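S.K.: Questions regarding the structure given below will be posed in turn.
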Amino acid sequence: MAYRLTLGYEREQEGMKFSDLLEKYLSHPQIGNVTALVIGCWDGAYEGSGAETVVDQLLDSSDLLTGLRHLFFGDITFEESEISWIGQADLSPLLRSFPQLEELRIRGANDLSLGRVNHEHLKTLVIEAGGLGADVVQEVTAAVLPELEHLELWLGTDEYGGDATIADVEPLLTGALFPKLKYLGLRNSMFSDEIAKAIAAAPILNQVEVVDVSLGTLSDEGAQALLDCNRLNQLKKLDLHFHYLSDEMCKKLSDLEIDVDVSDQQEPDEYNGEVNRYCAVSE
C-alpha cells in the first residue's frame, strides 16, 4: 500500500492543516500495511515554511508505521512552490525512528540536516535541490550506509545555497564509503566538468554500474575526460542528458559500447564575450 498526502493552497485557505490529513491517514485500520508514504505540501510550504511539525507527527506515530519502507519527503511540484523555497528540517530523527526504511527521497534543502547517519537498511538516498549545502554533502559522505545502492544528489547553484565544491563530493568517488553502491548521481551541478574529470580518475568506476552527471553544465572539456577513460566501458549506463556538448562530442559518446544518454542538448548564453552555462534546476 502507498499513500500520498498533500495540503493544497485552497484547502489551507479553508483552514485545513496538514496535521489533520496525517492524523486521518494514521487512523486507517490497515496503516501497518503501508509500505510507501509520499509527503507533499504541508502548511505554508509554498511560502517556505519548514517541515518540523510534520517530522514530529511522524515520529510520534512511528509505532503505527511498522511496514514503512519508502518515504518521499517534499513531493512539492513547481506549480506549488519553487524548489529553492521549500523549507525542510532536521530529518535525522526519522532515520533513527524508522530503522527498516529502504528508500528516502527529499526535495528541497533549506534548513535540511541529516545529522550523523548510521542506517543498516537504507538502499536509496535522493536529495533534489536547487542548491545543496556543503554541510549536507558532508553529512552524506560521513554516513554509515552499508546497504546503499543508489545515491543521487542535486547540487545546484550557490545563489540558492549550493556551496558544495568538488572537494566535498570527492570522498564519494573513492569507492570506500558505500560498498554496495551501483548508481551514483551527481546531478544538476554548476561544476559538472570538474565532476566528470574527477570521476574519470576515480576508483568508483570499478564499482558502480550507472554514472549520472545529467542536468548540469557539462561541456566538451569534462566529457573528453570521460571519453579518454578506458574504464568507462565497465558501466552499464552514462547519463549526461541536459548538457552543453558539441554535436561532435555527442556523436563520439553515442558510439561507445555502453548506454549513453546525450539528449536535451543546450546552448550556452553569451553576453559581452562571456559564455555562461546553467544547471537545469535552481530557483
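The values are calculated or read from the model by the stated rules, or taken from the named source; none is laboratory data. Remember, it's a predicted structure, so these values are computed and weren't measured experimentally. Neighbour counts are summed over all protein chains in view; Cβ atoms, including those assigned to glycine, are modelled from backbone coordinates with ideal geometry.
S.K.: Just checking, does segment 125-138 include any residue being under 17 Å from ALA280 (Cβ atoms) and surrounded by fewer than 19 Cβ atoms within 10 Å (Cβ to Cβ)?
M.R.: Yes; the residues of segment 125-138 include at least one that is under 17 Å from ALA280 (Cβ atoms) and surrounded by fewer than 19 Cβ atoms within 10 Å (Cβ to Cβ).
S.K.: Out of curiosity, is PRO99 at pLDDT 95 or above, surrounded by fewer than 17 Cβ atoms within 10 Å (Cβ to Cβ) and not in a loop (DSSP other than H, G, I, E, B)?
M.R.: Taking the combined requirement at face value, the residue does not satisfy it.
S.K.: Kindly establish whether GLU170 is closer than 26 Å to LEU227 by Cβ, out of contact with any strand residue (DSSP E or B) (no Cβ under 9 Å at 6 or more places or on another chain) and not in a loop (DSSP other than H, G, I, E, B).
M.R.: Yes; evaluated as a whole, the condition is true for this residue.
S.K.: Related question: Quick one: how many residues across segment 21-34 are closer than 25 Å to ILE76 by Cβ and surrounded by 13 or more Cβ atoms within 10 Å (Cβ to Cβ)?
M.R.: Here the count works out to 7.
S.K.: Further, regarding this structure: Please state which of the following conditions ILE76 fails to meet, knowing it meets all the rest: (1) modelled with pLDDT of 90 or more; (2) touching a Leu at 6+ places or on another chain (Cβ under 9 Å); (3) not in a strand (DSSP E or B).
M.R.: (2)
S.K.: Could you grab me the full set of residues in segment 253-283 that are in a helix (DSSP H, G or I) and crowded, with 17+ Cβ neighbours inside 10 Å?
M.R.: Within segment 253-283, just LEU253 meets the criteria.
S.K.: Going through segment 49-66 one residue at a time, which ones are exposed (fewer than 15 other Cβ atoms within 10 Å of the Cβ) and either touching a residue at least 40 places away in the same chain (Cβ under 8 Å) or charged (D, E, K, R) (or both)?
M.R.: If the condition is that a residue be exposed (fewer than 15 other Cβ atoms within 10 Å of the Cβ) and either touching a residue at least 40 places away in the same chain (Cβ under 8 Å) or charged (D, E, K, R) (or both), then GLU52, ASP56, ASP60, ASP63 are the ones that fit.
S.K.: Let me ask you something else. Return yes or no: is LEU186 under 16 Å from CYS279 (Cα atoms), touching a helix residue (DSSP H, G or I) at 6+ places or on another chain (Cβ under 9 Å), of a type outside the set (S, T, N, Q) and assigned to a strand (DSSP E or B)?
M.R.: Yes.
S.K.: Of these, ARG277, ARG187, which one is touching a strand residue (DSSP E or B) at 6+ places or on another chain (Cβ under 6 Å) and modelled with pLDDT of 95 or more?
M.R.: ARG187 is the lone residue from the list that is touching a strand residue (DSSP E or B) at 6+ places or on another chain (Cβ under 6 Å) and modelled with pLDDT of 95 or more.
S.K.: Also, I was wondering about something else. Answer yes or no: is there a residue in segment 200-221 that is modelled with pLDDT of 95 or more, more than 28 Å from ALA142 (Cβ to Cβ) and in a helix (DSSP H, G or I).
M.R.: Yes; the residues of segment 200-221 include at least one that is modelled with pLDDT of 95 or more, more than 28 Å from ALA142 (Cβ to Cβ) and in a helix (DSSP H, G or I).
S.K.: Looking at ASP220, ASP261 in this structure, which one is of a type in the set (Asp, Glu), touching a residue at least 40 places away in the same chain (Cβ under 8 Å) and touching a Leu at 6+ places or on another chain (Cβ under 9 Å)?
M.R.: ASP261
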